[in-house]
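Visitor: Right, I'll just put the structure down here and ask away after.
The values are calculated or read from the model by the stated rules, or taken from the named source; none is laboratory data. What you are looking at is a predicted structure, and each value in this text was computed from that prediction instead of being measured. Neighbour counts are summed over all protein chains in view; Cβ atoms, including those assigned to glycine, are modelled from backbone coordinates with ideal geometry. Heads up: the accessible areas ignore ligands, DNA and RNA and are worked out on the full protein's heavy atoms, side chains in. Shrake-Rupley method; radii C 1.70, N 1.55, O 1.52, S 1.80 Å.
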Amino acid sequence: MTGGGRWLASFLLTTVLPILAFAVLAWLSHGSAWAWALAALAFALVAGIRSRQLSMLSQWLESPDDSRDADADRGGGEVLAKLGRRLRDDARSRETVEARLRSFREAMDAVPDGLVIVDAAHRIHWGNRAASHHLGIRLPRDAGVIIEHLVRAPGFAEYLAASDAGVPFVLQSPAARTRVYTVRVLPLGERNKLLVSIDVTDARRVDSMRSTFVANVSHELRTPLTVVSGFLEHFVDDGVLDAEQRRQFARLMSDQTARMLTLVDDLLTLSRLEADDAPASEEDVDMADLLAQLLAEGQSLSDGRHRLEVNCQGPAVRGNRKELHSAFGNLVSNAIRYTPAGGSIRIEWSVGDGDGAGTFSVCDSGVGIAAEHLPRVTERFYRVDRGRSRETGGTGLGLAIVKHILLRHQASLAIESEVGHGSTFRVVFPSWRLQPAD
Ligand code: ADP
């Protein structure tokens, strides 16, 4: 039986039938007038009770609350109780749906790619937070606006019309022209479209750095290779060169080959350093021993043209000896190469009083570096004086290698320099890298 049928049966059994039975009894005992009067009174009473229940229901629907629901229950208002339960269930499932929608929106806002849904007429329906950064769409303000009216990049409207999802559209940010995005259009359902925008600024920057790097390496290798190939042509023409000329050309070719080898070695060192974030192994590096080695190598490179001093006043440092030797050796070799004969170079290792940090420094009285070059000297192939660097066998990669090694040891590099007066390169190690005093 349906709910309505059940209600009718219960109404007949509990209300109509007792009233009729009562009326029949009244008819038999007091006559028909009494019976009609009693039946009319009983039905009027039932109608009054029902109308009061309806008015309570109407009031309750306007502001349903539990207490009145309970009252209604006590008063036999089963309908109200059921209705209350149904409304509470509805409210609960509405809250669940809203919570799910909220967390879905939050998830979509957390996606770094821009997402926009447009309809067949390209009217904006929805977009996430990244889309507002990438395409300048602000919701709810722009809901219903045709997307081509907001994104006014040349070719964008044609791209949307063609909708070739295979090829992305490249777009410069309408707000900051320095950022670049790619936009793809994907079909969504029968008529809608999903626009996906991706920030490719960093990827493009890396690409451009890579191609600049390849161009630089090619350029660096081209010069010595041109020299060697030129000499080799003379060698092929037998009889053109006398023995002395051959010896001289062979020496020059050997110099150029050595230069290429140094460059390749430095490139390999850089790529090895870039491959991992930390050195393969670490040990307590005896700084007195390392500084003595740096002094000996410096003296050999200077060949008596400079005055070299060493001052070691600190404990061992935790690190990779080979890498630290390579970094410090680069700084000493630069000091010698960029200091004219007669100048002086001081190599020091000391511990600061306050923070306990260890400082390795190389101070020279050489040519110095102008302030505008200082922020860039650790870039690959950046040279202040290209000619001088080449003359002294520089590859332009020395300080880039130093920077990488120091990063791997959580150390920092500070440069002070004055043109014509010299430079000081300071490497500062955090105190936890120093062996504690006994
Ligand atoms: P390079 O092989 O050319 O020396 P580096 O990376 O070692 O390359 O150094 C980059 C540039 O920084 C050098 O070309 C040079 O102009 C400048 N430089 C480095 N060290 C010194 C220094 N001690 N004195 C003056 N200039 C220096």
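Visitor: Give me the residue from region 404-415 that is in a helix (DSSP H, G or I) and among the aliphatic types (A, V, I, L, M) and, out of that set, farthest from the ligand (Cβ to nearest atom).
Guide: Checking each candidate, the answer is L407.
Visitor: Continuing with the same structure: Hey, H306 hits all of (1) open to solvent by less than 30 Å² (accessible area, probe 1.4 Å); (2) modelled with pLDDT of 95 or more; (3) touching a Leu at 6+ places or on another chain (Cβ under 8 Å) but one; which does it fall short on?
Guide: Answer for H306: the failing condition is (3).
Visitor: Among the numbered conditions (1) within 16 Å of the ligand (Cβ to nearest atom); (2) in a loop (DSSP other than H, G, I, E, B); (3) within 37 Å of the chain's Cα centre (by Cα), tell me where G354 comes up short.
Guide: If we test G354 against (1) within 16 Å of the ligand (Cβ to nearest atom); (2) in a loop (DSSP other than H, G, I, E, B); (3) within 37 Å of the chain's Cα centre (by Cα), just (1) comes out false.
Visitor: When you look at D73, is it in a helix (DSSP H, G or I), modelled with pLDDT under 80 and acidic (D, E), yes or no?
Guide: Yes: the conditions hold for D73.
Visitor: Can you tell me which residue in region 128-149 is most open to solvent (accessible area, probe 1.4 Å), limited to those that are touching a residue at least 24 places away in the same chain (Cβ under 8 Å) and more than 27 Å from the chain's Cα centre (by Cα)?
Guide: Top of the filtered list is I146.
Visitor: Looking at Q256, Q293, can you tell me which residue is in a helix (DSSP H, G or I), surrounded by 13 or more Cβ atoms within 10 Å (Cβ to Cβ), in contact (Cβ under 8 Å) with a residue 12 or more places away in the chain and assigned by TED's automatic domain parsing to the domain that holds F328?
Guide: Criteria check complete, one pass: Q293.
Visitor: So how many residues does region 222-253 have that are assigned to a helix (DSSP H, G or I) and out of contact with any helix residue (DSSP H, G or I) (no Cβ under 6 Å at 6 or more places or on another chain)?
Guide: 20
Here is a yes/no grid of residues against (1) loosely packed, with under 14 Cβ neighbours inside 10 Å; (2) near the ligand (Cβ under 8 Å from one of its atoms); (3) of a type outside the set (A, V, I, L, M):
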residue: G358; (1), (2), (3): no, no, yes
residue: V362; (1), (2), (3): no, yes, no
residue: G366; (1), (2), (3): no, yes, yes
residue: I369; (1), (2), (3): no, yes, no
residue: P375; (1), (2), (3): yes, no, yes
residue: S389; (1), (2), (3): no, yes, yes
residue: G396; (1), (2), (3): no, yes, yes
residue: V402; (1), (2), (3): no, yes, no
residue: S417; (1), (2), (3): no, yes, yes
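Visitor: What single numbered condition from (1) open to solvent by 60 Å² or more (accessible area, probe 1.4 Å); (2) over 50 Å from the mean Cα position of the chain (by Cα); (3) of a type outside the set (D, E) fails to hold for A250?
Guide: Every condition holds for A250 apart from (1).
Visitor: Quick one: which residue in E220, E190, E233 is exposed (fewer than 11 other Cβ atoms within 10 Å of the Cβ) and outside the structural domain of G136 (by TED's automatic domain parsing)?
Guide: E233
Visitor: Out of region 369-403, which residues are of a type in the set (D, E), part of a loop (DSSP other than H, G, I, E, B) and over 17 Å from G420 (Cα atoms)?
Guide: The answer is E379, and nothing else.
Visitor: Give the residue that is modelled with the highest pLDDT, with candidates limited to residues of region 357-368 that are part of a loop (DSSP other than H, G, I, E, B) and within 39 Å of the chain's Cα centre (by Cα).
Guide: G368
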